[in-house]
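One structure is given here, and the rest of the page talks about it.
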Amino acid sequence: MTALHLPPGAGTTHLFLGSTMTVKAGEPQTGTTALSLIEQVCPPGFATPRHVHHKDDEAFYVLSGSIEVHCGDEVWHDGPGGFVLLPRALPHAFVNRGDEPLRLLQLTWPGGFEHFAADVAAAFPSGPPNPAVLTEIAAGHGYEIVGPPPH
């Protein structure tokens, strides 16, 4: 592994289920046992389906806006500076219920989440995803869709 520097705005960007993900570092830069770091911008109303990571852990650090995270029976509301750690095997989802974009850093380890983001972006370049296809893509990367987004 070598040193990595990205100036503001740099990275590979994917349109991911209505949000924008900019990969700052992933497997090619950190190795398969390290991490992926993604800056995500989620418009008001954005929500992920409830899902489980079987191969990686995930964390969010809120830069701006607000996030509502559902994990098991817990619900957390955070704004800038809020941090959430979601160990693998726990069902979770998040939603932006605010009226401004949610901007966060997403870390997953080990690295590789960026491949899932790229595959989803390629499958659904515009418009809503086909749930069956999304479920299939997710399964191929070690993710399981277990329910709809939080209401």
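Read-outs throughout are calculated quantities, based only on the coordinates presented, and are distinct from any laboratory measurement. On a predicted model such as this, the values are computed, not experimentally measured, just so you know. Positions of Cβ are backbone-derived with ideal geometry, glycine not excepted, and every protein chain shown enters the neighbour counts.
Observations on the structure shown:
- From the alpha carbon centroid of the range 120-145 to that of the range 64-107 is 21 Å.
- In Hz, Karplus ³J(HN,Hα) per residue of the range 129-144 (6.51, -1.76, 1.60; θ = phi - 60°; x = Gly, Pro): x, 7, x, 5, 5, 4, 4, 5, 4, 4, 4, x, 10, x, 10, 10
- Between LYS24 and LEU37, ILE38, GLU39, the built amide H atoms are under 5 Å apart, and every one of these is 5 or more places off in sequence or on another chain.
- 3J(HN,Hα) along the range 90-107, derived from phi through the Karplus expression 6.51 cos²θ - 1.76 cosθ + 1.60 where θ = phi - 60°, amounts to 9, x, 7, 7, 9, 9, 9, 8, x, 9, 10, x, 9, 10, 9, 9, 10, 10 Hz, with x in place of Gly and Pro.
- Lys/Arg +1, Asp/Glu -1 at C-beta; the chain dipole; positive extreme among PRO131, VAL23, CYS71: VAL23
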